[in-house]
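Encoded as structure tokens, the structure appears first; notes follow it.
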Amino acid sequence: MTHTLWQRGALALATAIRTREVSSREVLEAHLARVAEVNPHVQAITEVLAEPARAAADAADTALARGETVGPLHGVPVTVKVNVDVAGSPTTAGMPVFAGDRPAGDSPAVGRLRAAGAIPFARTNMPDLGLRWHTESSLHGVTRNPWDPRHTPGGSSGGEAAAIATGMSPLGLGNDIGGSVRWPAQCCGMTAIRPTQGLVPHYDSTVPIEVPLAFRLFLTDGPMARHVADLALALSVLAGADPRDPWSVSPARTDLGGSLRIAVTTDPGGLGCDPTIAAGVRRAADLLAGAGCRVETIEPPAIVEAHALWGTLLG
């Protein structure tokens, strides 16, 4: 059975663990074996936290055996991008200068994943400081696209995308300023969401300087997975205000019911859009309408000005 566990999504694994179909330790070992098999070819994972993860998995199984109440991701292994704090693991941001920066505690997002029962077991690659469209790190090397090594896995969360696409991880945490979870998801054929700014709190205890204004305005952590249902579950766990991030807020609503009002545009501002992308957007709009959502085609206001301002502020 364990040879198929790496093919399952986070929600399916959480259900299998909670119902005692499989143990958390079996699920973890299946993913560790997958990492050993696949990672030498794609170089998506930079560090494996095997022993603490095994201890956490055994504790998760013990808790279930005792009949304890457990969280929605209980016993599920997850991966975390290397610019997000995981206690005891270097927050390198892909840079040799940060190779020794070991935070004493978890970031808010990682802390919430743990509180929901998830087990961070590996870190994933990114370009230096996350400021590239391709994942090549001066510390960790190049991550390859798992479908075709001649193509990019995207950036900056390219390591996370490649790890999830290949079954090395069922669920991961990346972050996004200008497409850094969305572009790798497209390149590697999996899913990701950039949450509304402030919905998921962000805090990095190892940054040696004041965070630039553009990062405060644009940077947000976001979940990555192979299944949309896993993103919805992860977002419900991650969302909410945290005192370490003064920009963070608690959501007014987290349900995705059919009463949602959806605005759709296929070429915002007339800036140009590839026909295949526009067709994909229209296809998604049709599916949402079929699910009962109110779908309206609109032109976003001041999108050209916003595009120019975004580039100026980030630069």
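The values are calculated or read from the model by the stated rules, or taken from the named source; none is laboratory data. Note that the coordinates shown come from a computational prediction; the quantities given were computed from them, not determined experimentally. Counting neighbours? That spans all protein chains shown, and the Cβs are built from the backbone with ideal geometry, glycine included. Remember, those area values only see protein heavy atoms, side chains included, never the ligands or the DNA or RNA. Shrake-Rupley method; radii C 1.70, N 1.55, O 1.52, S 1.80 Å.
Summarising the amide proton neighbourhood of Gly154: residues at separation of 5 or more, or on other chains, whose placed amide H is nearer than 5 Å comprise Thr135.
Using a 1.4 Å probe, what is the accessible area per residue for the chain, in Å²? Intermediate results must be reported in sequence, preceding the final value.
Details: 14740 Å² over 315 residues.
Heavy-atom accessible area per residue stands at 47 Å².
Using +1 at the C-beta of Lys and Arg and -1 at the C-beta of Asp and Glu, which of Pro246, Pro268, Gly311 has the Cα lying farthest in the positive direction of the dipole of segment 235-315? Ranked along the dipole, the leading option is Pro246. The chymotrypsin sites (Phe, Trp or Tyr not before Pro) of segment 177-272 meeting both criteria, a DSSP state outside H, G, I, E and B (loop) and at most 16 other C-beta atoms within 10 angstrom of the site's C-beta, are Trp247.
When both segment 241-315 and segment 141-207 are represented by their alpha-carbon centers, they are found 19 Å apart.
Working from Cα pairs under 8 Å separated by at least six residues, relative contact order for segment 260-315 is 47 percent. Note on the chain: antiparallel DSSP beta bridges, both residues inside, total approximately 60 percent of the bridges counted. In this Cβ point-charge picture (+1 for Lys and Arg, -1 for Asp and Glu), segment 42-165 has a dipole of about 160 debye about its Cα centre. Among 12-18, 162-168, the peptide with the highest mean count of other Cβ atoms within 10 Å heads the list, and the full ranking is 162-168, 12-18. Taking trypsin sites (Lys or Arg not before Pro) across segment 113-171, the ones in a DSSP loop with at most 10 further Cβ atoms lying within 10 angstrom of their Cβ are Arg150.
Would you mind working out the magnitude of the charge dipole of the chain relative to its Cα centre, with +1 at each Lys and Arg C-beta and -1 at each Asp and Glu C-beta, to the nearest 20 Debye? Provide the component values of the computation, followed by the final result.
Details: 25 positive and 30 negative charges, 96 e Å.
Dipole magnitude for the chain comes out near 460 debye.
Per residue, the average separation of C-alpha pairs within less than 8 Å and at least 6 apart gives the chain a relative contact order of 15 percent. Take every pair of alpha-carbon atoms less than 8 Å apart whose residues are at least six positions apart; their mean separation over the length of segment 44-155 yields a relative contact order of 29 percent. Distant-in-sequence amide contacts of Ala87, defined by a placed amide H-H separation under 5 Å and a gap of 5 or more residues or a different chain, comprise Asp106, Ser107.
Residues with beta-carbon under 11 Å from that of Gln7, excluding Gln7: net charge, scoring Lys, Arg +1 and Asp, Glu -1? Mind showing how you got there, number by number?
Working: positive: Arg8, Arg34, Arg226; negative: none.
With Lys, Arg at +1 and Asp, Glu at -1, the neighbours total +3.
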